[in-house]
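The values are calculated or read from the model by the stated rules, or taken from the named source; none is laboratory data. Owing to the predicted nature of the structure, the values given are computational and were not obtained by experimental measurement. All Cβ positions, even for glycine, are placed from backbone atoms using ideal geometry, and neighbour counts span all protein chains on display. All accessible areas refer to the heavy atoms of the entire protein, side chains included, with ligands and DNA or RNA removed. Shrake-Rupley method; radii C 1.70, N 1.55, O 1.52, S 1.80 Å.
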Amino acid sequence: MKLDDYQEIIIDQMKSNDTITDFKVTSEEDLTVNGFAAKQTEIHSVINKSINAAYQITFIETKDRFYQVIFWTTAKQMISSRGDLSKIVSSFREMK
């Protein structure tokens, strides 16, 4: 399995959740996180017909496994949180 395949599986699972509506992938970016291939996806949706939510999911592929670094907040808060979220993602280390 490749990183793109893993990302697609996880996003498809989110789309199939009955409590999530108006699902939109608003950005996708290829990254390198501490030497590992990564993809970062931002998603906006409505949860339980009342919460405008935003997710930032970073999918990271290491030699032996995949990882996800997931953040979610209100869509309004995502704009002001991006810098902090980027710092947190960049601190990822694989523990052995």
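Considering only protein heavy atoms, with the full assembly of protein chains and a 1.4 angstrom probe, order Arg93, Arg82 by accessible area, largest first. Could the numbers behind the result be given before it?
Working: Arg93 140, Arg82 95 Å².
I get Arg93, Arg82, largest accessible area first.
Could you give P(r) for the chain, binned at 10 Å from zero, as whole percent values over all Cα-Cα pairs?
With a bin width of 10 Å, the distribution comes to 15, 48, 30, 7, 0.
Taking a probe of 1.4 Å, how large is the accessible area per residue of the chain, in Å²?
On the way: 6280 Å² over 96 residues.
Value returned for the chain: 65 Å² of accessible area per residue.
Let me know the number of lysine pairs in the chain closer than 24 Å at the Cα, not counting same-chain pairs under 8 apart.
21
Mind listing which trypsin sites (Lys or Arg not before Pro) in the range 18-69 are in a DSSP loop and have 13 or fewer other Cβ atoms within 10 Å? Working shown, then result.
Numbers: sites: Lys24, Lys39, Lys49, Lys63, Arg65; in loops: Lys49, Lys63, Arg65.
Counting only loop positions with at most 13 other Cβ atoms within 10 Å, the trypsin sites (Lys or Arg not before Pro) in the range 18-69 are Lys49, Lys63, Arg65.
For the chain, what does -39500 (n - 2.57) per DSSP helix run (n ≥ 4), summed and divided by total residues, give at 222 nm, in deg cm²/dmol to the nearest 500? Please report the intermediate quantities before stating the final value.
On the way: 2 runs with 29 residues, N = 96.
That calculation yields -10000 deg cm²/dmol at 222 nm.
Need one number: nm distance between label points at Leu31 and Asn17, each 7 Å from Cα along Cα→Cβ, rounded to one decimal.
The two pseudo-label positions are separated by 1.9 nm.
Using a 1.4 angstrom probe on heavy atoms only, work out the carbon and sulfur share of the accessible area of the chain in %. Before the final figure, lay out the partial values.
Details: 3110 of 6280 Å².
So the carbon and sulfur contribution to the accessible surface is 49 percent.
Which one, Ile57, Ala38, Phe92, is farthest towards the positive end of the dipole of the chain when Lys and Arg carry +1 and Asp and Glu -1 on their Cβ?
So the residue furthest toward the plus end is Phe92.
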